[in-house]
Amino acid sequence: MNLTTEHLADILIGIARAQNAVVEAMERASPGFRNTHALPLITLAANMRAGDPRMIDLSARILMRLQGRVALDNAQVKADLERLTSGKPAAAAAAAAGGLDFSAKP
C-alpha cells in the first residue's frame, strides 16, 4: 500500500471533522462549551505559541482551523505534511518554495 501525503492529509482532515462534530454536539447541548472549554484545550494541544509547528501539533492545528470560519484547504494540509516530513524549518521551506512565511517573528 502506498500512502501519499495527499491521502494522509485527507485522513487527518476526516478525523478532525469527526472531532469537530463532537465539539458542535457539545456546544448545542451546553452553549458556551466551545469557547469556555474546547478552544483553550485545543489551542494548548496545537502548541499555537510555537513559531515552527511540529508533526505532533498538526492534527490539533487542523482541528483549530475547522473551528474558524475560513474553509479548510486540503492543499495547505498537504503542504504542511510535506514540509514536516522533509525536516526543513518552516522559514527555509517557504523560502525554497518561493513563498512568504508570515508565521516568523521579526
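The values are calculated or read from the model by the stated rules, or taken from the named source; none is laboratory data. Given the structure is predicted, the values throughout are model-derived calculations rather than measurements. Here the Cβ positions follow ideal geometry from the backbone for every residue, glycine too, while neighbour counts run over all protein chains shown. Areas reflect the complete protein model, heavy atoms only, side chains present, ligands, DNA and RNA absent. Shrake-Rupley method; radii C 1.70, N 1.55, O 1.52, S 1.80 Å.
Would you please give the FRET efficiency between Glu27 and Leu72, computed as 1/(1 + (r/R0)^6) with r the Cβ-Cβ distance and R0 = 22 Å, to the nearest 0.05? According to the calculation, E is roughly 0.75. The residues of region 1-41 present an accessible area of 73 Å² per residue when probed at 1.4 Å with all protein chains retained. Here the spin labels are modelled as points 7 Å beyond Cα on the Cα-Cβ line, and at Ala50 and Ser86 they lie 1.9 nm apart.
Measure off, as a whole percent, the carbon and sulfur share of the 1.4 Å-probe accessible area of region 16-62, all protein chains present.
Roughly 60 percent of what the probe reaches on region 16-62 is carbon or sulfur.
Under the convention that each Lys and Arg Cβ holds +1 and each Asp and Glu Cβ holds -1, the size of the dipole of region 13-56 around its Cα centre is about 20 debye. Label-to-label distance for His7 and Leu41 is 3.2 nm, based on points extended 7 Å past Cα in the beta-carbon direction.
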